[in-house]
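The values are calculated or read from the model by the stated rules, or taken from the named source; none is laboratory data. Everything quoted here is computed from the prediction, not taken from an experiment. Glycine also receives a Cβ, built like all others from the backbone with ideal geometry; neighbour counts cover every protein chain displayed. Note: accessible area is taken over every heavy atom of the protein model, side chains too, but ligands, DNA and RNA are not part of it. Shrake-Rupley method; radii C 1.70, N 1.55, O 1.52, S 1.80 Å.
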Amino acid sequence: MSVQQVPTPTGAPTLRRQILPTGLGPCTVRVQQGVGGRSHASGTADVYLHGAAGSWTTFRPLHSAAPGHDRVLIDLPGWGESTKGTRPEHLGIEAMARAITEALKALGYRRWNLIGHSMGGFLALHIAAAWPERTASVATISATTFGAAEAARRPLRSLSSFPAFTGMLLAMRATAALGPAGRPLVRAIGTTPVMGLLMSPFFADPAAISASVIRGLADDARPASFSAAARDAAHYDFGQWRVIRCPVLATRGDSDVFTLPSDLVRLADIVPHVQTATIPRCGHFANIEQPEIIQRLLDDLLSP
């Protein structure tokens, strides 16, 4: 395990970067110590899981204040700085969840509050079902669940009913088929105005999103990893979420093209103790467009 201090803006908690071994290869995490060292005393951390088109950096707008518990920001296996030695065909939901819990246990945490965006929300719910005694709470920000799984299972049939996700999935599959040339192609497009147009459906107010955010999303794109995760999600058994014991907060933006209103309705039918919320003036990235609202909801969920 290697440890490195990472500079943060003035007044923000220091990020400690670590590389931890997992069954899927080395996993890079960043840890912010909670106020008064509460997390290691209680063995509980707030764990942030990014989506299939992101990395830990998509949560930066939420992290301006000192945390109550330790914050653990993970680059999921196959994304960000956790790609070394990772084979996309191994990136199933179960395998990624196991790697996440291996990393958390290596850091010394016995329990966790899970905050997941998009695919990270899917993973958070799976972990809550598989490790109910260790999961204190779950908050999902536009989790891609039922609609995305159906589109991954039958993409051509879903083009008309769920065009945003299906279109991205087909584009990622095509780009992944290019092999090593695929990711540089996406990054090159990310430096042009074309990327802003391609990403505009994912935001309620695309003009308000800075070019640096769009470039960051292009840099974080991992077509092969995205395609592998979607392929595994296509055949996922959502019934296992019925055993989740902890409180669950599930949100979506009112202009979200990836997480449909029906996804929250179906989630509430399956998961006990779930609270749903629709974020106004927001698309798929509430952690970028409406971080203040998300932070208030998280504070309410995580308060003693």
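Some notes on this structure:
- Whenever a residue of region 267-290 is on the phi < 0 side of the Ramachandran plot and part of a loop (DSSP other than H, G, I, E, B), its partners that are open to solvent by 30 Å² or more (accessible area, probe 1.4 Å) and basic (Lys, Arg), lying with C-beta atoms within less than 8 angstrom and at least six residues away or across chains, give the pairs 271/242; 272/242; 272/245; 290/281.
- Segments classed as strands (runs of 3 or more DSSP E), wholly inside region 47-164, with at least 3 members that are within 22 Å of residue 264 (Cβ to Cβ): 111-117, 135-141
- When every residue of region 73-84 is checked against the conditions, at least one turns out to be open to solvent by 50 Å² or more (accessible area, probe 1.4 Å) and closer than 16 Å to residue 16 by Cβ.
- Looking across region 97-124, the residues that are of a type in the set (A, V, I, L, M, F, W, C) and over 19 Å from residue 58 (Cα atoms) come down to 97, 99, 103, 104, 106, 107, 112.
- Only one entry of 207, 181, 188, 174 meets the criterion of being in a helix (DSSP H, G or I), open to solvent by 70 Å² or more (accessible area, probe 1.4 Å) and farther than 26 Å from residue 97 by Cα, and that entry is 207.
- Annotation note: Cβ proximity below 7 Å between a residue of region 73-92 that is closer than 18 Å to residue 182 by Cα and of a type in the set (D, E, K, R) and a residue that is at pLDDT 85 or above and assigned to a loop (DSSP other than H, G, I, E, B) (sequence gap 6+ or interchain) occurs for 81/75; 84/25; 84/26.
- Test: residue 303 is free of Cβ contacts under 8 Å to residues at least 12 places away in the same chain and either over 18 Å from residue 50 (Cα atoms) or among the small types (Gly, Ala, Ser) (or both): yes
- Qualifying residue in region 124-140 (condition: within 27 Å of residue 187 (Cβ to Cβ) and either acidic (Asp, Glu) or in contact with a strand residue (DSSP E or B) (Cβ under 6 Å, 6 or more places away or on another chain) (or both)): no
- Qualifying residues in region 217-261 (those that are among the β-branched types (Val, Ile, Thr) and open to solvent by 10 Å² or more (accessible area, probe 1.4 Å)) - the one farthest from residue 282 (Cα to Cα): 243
- The listed residue being at pLDDT below 85 and surrounded by fewer than 18 Cβ atoms within 10 Å (Cβ to Cβ), out of 23, 108, 43, 36: 36
- Some residue of region 188-199 being at pLDDT 90 or above, closer than 30 Å to residue 138 by Cβ and not acidic (Asp, Glu): yes
- From 255, 200, 225, 262, residue being small (Gly, Ala, Ser) and not in a helix (DSSP H, G or I): 255
- Pair list, Cβ under 7 Å, 6 or more apart: region 221-234 residue modelled with pLDDT under 90 and aromatic (Phe, Trp, Tyr), other residue buried (at least 24 other Cβ atoms within 10 Å of the Cβ) and assigned to a helix (DSSP H, G or I): 226/172
- Each residue in region 116-174 was checked for being more than 23 Å from residue 223 (Cβ to Cβ) and small (Gly, Ala, Ser), and 9 of them qualify.
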